[in-house]
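Nothing in this text is a laboratory measurement; each read-out follows from the coordinates by a stated rule. No experiment lies behind these values; they were computed from the predicted model shown. Cβ: placed from backbone, ideal geometry, glycine included. Neighbour counts: every protein chain shown.
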Amino acid sequence: MIEEERTKTKMILNLIVGGVLSLLLTYFLLSLVPWLLRIILFSLNVLGLLSFDASRTAMLLIISGSAYLPGGFIGGLYAGYKVRENPRLTSLIPGLIGFLSLILVQYASGILNPSEMDMFREIVAPSISILLGSYLGGYTVNWRPGEYVDEG
């Protein structure tokens with residue numbers, strides 16, 4: 001009985017650590033990627049592209065692929081490596097923890113303003129990207145060698 005409680009406590013602790021890793025990497029990449037993108041556009045002398053409305057969608061896609069997905073992937077990778085039980089469910093939990101804590105950190109630091117919030121850009125797209133990255137990270141660790149699909 002005590003051993004079972006210890007394993008549950010370790011599992012919960014590892015899921016929380018995976019969520020914190022997801023938060024830290026996502027927050028770091030969110031501060032780095034837009035800056036690097038502006039430097040690249042400036043060096044190519046096309047910084048004026050950011051004035052168009054379509055560039056906001058492009059920025060969202062670039063940030064989703066280079067900040068939210070890797071952050072969720074690392075959190076899911078850690079949790080999938082440490083927790084072997086029920087990988088499909090447990091690989092989503094670090095992404096959920098990372099996303100919710102990212103929303104709380106952004107709200108506390110003043111980046112996220114609920115009165116002027118674009119729901120898709122600030123909630124839906126990041127949540128889908130982080131959860132997808134977390135699921136892919138957890139599933140990567142728990143991939144079984146015999147799970148190949150024969151298309152022939």
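Tabulated data for the structure shown
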| item | result |
| --- | --- |
| Charge context of Val17, other residues only, Cβ under 13 angstrom, K/R +1, D/E -1 | +2 |
| The chain: relative contact order as a whole-number percent, Cα under 8 Å and 6+ apart | 34 percent |
| Rounded to 10°, Cα long-axis angle of helix 125-141 versus longest principal axis of the chain | 40 degrees |
| With Cα atoms, 0 to 90° folded angle of helix 93-109 axis to the chain main axis | 40 degrees |
| Tilt relative to the chain, helix 2-43 - C-alpha long axis, 0 to 90 degrees, to 10 | 20 degrees |
| Nitroxide proxy distance, nm - points 7 Å out along Cα→Cβ at Lys8 and Tyr107 | 2.9 nm |
| At most 11 other Cβ within 10 Å, DSSP loop - chymotrypsin sites (Phe, Trp or Tyr not before Pro), the stretch 3-112 | Phe52 |
| Local net charge near Ser91, Cβ-Cβ under 13 Å (Lys/Arg +1, Asp/Glu -1) | +2 |
| Per-selection Kirkwood Rh - the chain (Cα, Å, 1 d.p.) | 16.8 Å |
| Cut-off 11 Å between beta-carbons: net charge of the residues surrounding Gly138, Lys and Arg +1, Asp and Glu -1 | +3 |
